[in-house]
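Quick notes on the structure that follows.
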Amino acid sequence: MAAIRSKPAGELALIEQIRRTFTSGKASRHKGVSLGIGDDCAILRPRAGHEIVVTTDFTLENRHFQRSLHPPAAVGHRCLARGLSDLAAMGAKPLAAFLSLALPRQILQTARGRRWIGNFLQGMRALAHQFDTPLAGGDTSESPQDLIFADIILVGTAPRGQSLLRSGAHAGDALYVTGSLGGAQAELSALLKRDRRPRADRSGQHPHLFPQPRLAVGSALLRRHMASAAIDLSDGLSTDLTHLCQSSRLRAEVDAALLPLHPLAARLSSANALTAALNGGEDYELLFAAKPSIRVPSRIADVPITRIGTLFPRNARRPLITLHGSDGSSTELKPGGWEHFAS
Ligand SMILES: [Mg+2]
């Protein structure tokens with residue numbers, strides 16, 4: 001929050017509102033943050049023997065959310081969830097978040113706009129509180145257009161040299177996913193069809209609005225040396241598994257019948273359910289590989305774990321990913337990540 005003196009009154013009030021929202025309760029006191037919001041820089045202090053992992057994510061109105069569709073608390077939640085999910089994929093623990101916000105003048109200056117901001121910040125704070133993630137700084141600006149932009153930086157820590165990478169898998173490793181797939185896509189489709197804003201609540205039936213980053217699973221995988229490689233499912237299984245295969249120089253075979261469908265996806269036709277699970281994106285589950293000699297439990301940190309396939313050595317005559325259908329068919333699975341509001 002540098003250069004505070006150059007800010008207009010609306011932005012000063014916004015900074016104060018952000019500070020107040022995030023400095024009450026336990027998320028404000030964190031052993032790893034020795035200096036938080038209020039100076040030119042924050043000072044972070046990772047534990048001895050740990051290293052810093054960093055991820056950044058843009059949240060852009062009309063690309064990642066629509067003001068008419070998404071409750072502001074869900075926008076705030078999703079903003080932070082994306083970064084936390086990246087930390088989970090590395091097996092890292094959150095240390096601090098930094099939020100940069102550009103808001104249209106009409107949001108900064110109207111009571112309705114200020115309510116939007118308040119609910120956005122509360123949605124983010126609730127998730128920050130859940131995962132003990134202090135907001136240690138950021139920046140604000142008036143948006144040059146009538147559009148909201150939020151950029152979040154997540155800083156985490158992991159034991160030195162032990163972060164889970166996309167590149168660590170070996171031929172013969174089994175592939176697993178956490179939780180269930182396709183729920184985010186199924187909920188988004190329902191929201192778009194209804195074309196009205198749902199009530200905000202944080203229950204488990206909102207995989208699109210309030211996804212749960214799998215931090216506890218990620219750190220258990222790291223601690224128990226269970227995973228050889230991991231990635232979070234932000235763009236969809238077909239795309240994220242492609243990334244893992246390319247990074248590890250392997251190919252994969254996936255069994256469609258094994259994919260754990262979210263209850264909301266299971267209500268769709270079987271073709272649409274499969275598409276949601278493979279290409280839906282934004283489920284924020286983890287995809288990981290484990291050596292065949294490792295016994296992976298059916299639940300980790302109370303989250304179901306499902307084996308969905310196997311990794312093999314590259315073979316020029318085989319596709320990067322083969323999908324075995326329940327009808328005995330075998331097809332090439334190409335990356336088909338979903339882009340919500342792309343024209
Ligand atoms: Mg990721």
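Check whether at least one residue in segment 255-271 is crowded, with 21+ Cβ neighbours inside 10 Å and within 16 Å of the ligand (Cβ to nearest atom), and report yes or no. Outline the logic, then answer.
Keep residues of segment 255-271 that are crowded, with 21+ Cβ neighbours inside 10 Å, which gives 259, 262, 264-265.
With the extra rule that they be within 16 Å of the ligand (Cβ to nearest atom), the set shrinks to none.
No, segment 255-271 contains no residue that is crowded, with 21+ Cβ neighbours inside 10 Å and within 16 Å of the ligand (Cβ to nearest atom).
Identify the single condition in (1) under 18 Å from the mean Cα position of the chain (by Cα); (2) of a type in the set (Lys, Arg); (3) surrounded by fewer than 16 Cβ atoms within 10 Å (Cβ to Cβ) that residue 82 does not satisfy, given that it satisfies every other one.
Against the list (1) under 18 Å from the mean Cα position of the chain (by Cα); (2) of a type in the set (Lys, Arg); (3) surrounded by fewer than 16 Cβ atoms within 10 Å (Cβ to Cβ), residue 82 comes up short only on (3).
Considering segment 220-241 alone, what residues qualify as being under 19 Å from residue 290 (Cβ atoms) and within 16 Å of the ligand (Cβ to nearest atom)?
Those that are under 19 Å from residue 290 (Cβ atoms) and within 16 Å of the ligand (Cβ to nearest atom): 221, 222, 227, 229, 230, 231, 232, 233, 237, 240, 241.
Where the second residue is small (Gly, Ala, Ser) and within 9 Å of the ligand (Cβ to nearest atom) and the first is assigned by TED's automatic domain parsing to the domain that holds residue 119 and under 17 Å from residue 207 (Cβ atoms) and lies in segment 77-92, which pairs have Cβ atoms under 7 Å and are six or more apart or on separate chains?
Short answer, once both residue conditions are applied: 82/234; 85/234.
Look through 109, 130, 122 and report the one residue that is more than 16 Å from the ligand (Cβ to nearest atom) and at pLDDT below 95. Lay out the reasoning, then the answer.
Details: 130 fails: at pLDDT below 95; 122 fails: at pLDDT below 95.
It is 109.
Taking the residues in segment 49-79 that are more than 13 Å from the ligand (Cβ to nearest atom) and hydroxyl-bearing (Ser, Thr, Tyr) as candidates, determine which candidate is surrounded by the fewest Cβ atoms within 10 Å (Cβ to Cβ).
68
The values are calculated or read from the model by the stated rules, or taken from the named source; none is laboratory data. Note that the structure is a prediction, hence the values are computed from the model and not measured. A quick note on method: Cβ atoms are made from the backbone with ideal geometry, for glycine too, and the neighbour counts reach across all protein chains shown.
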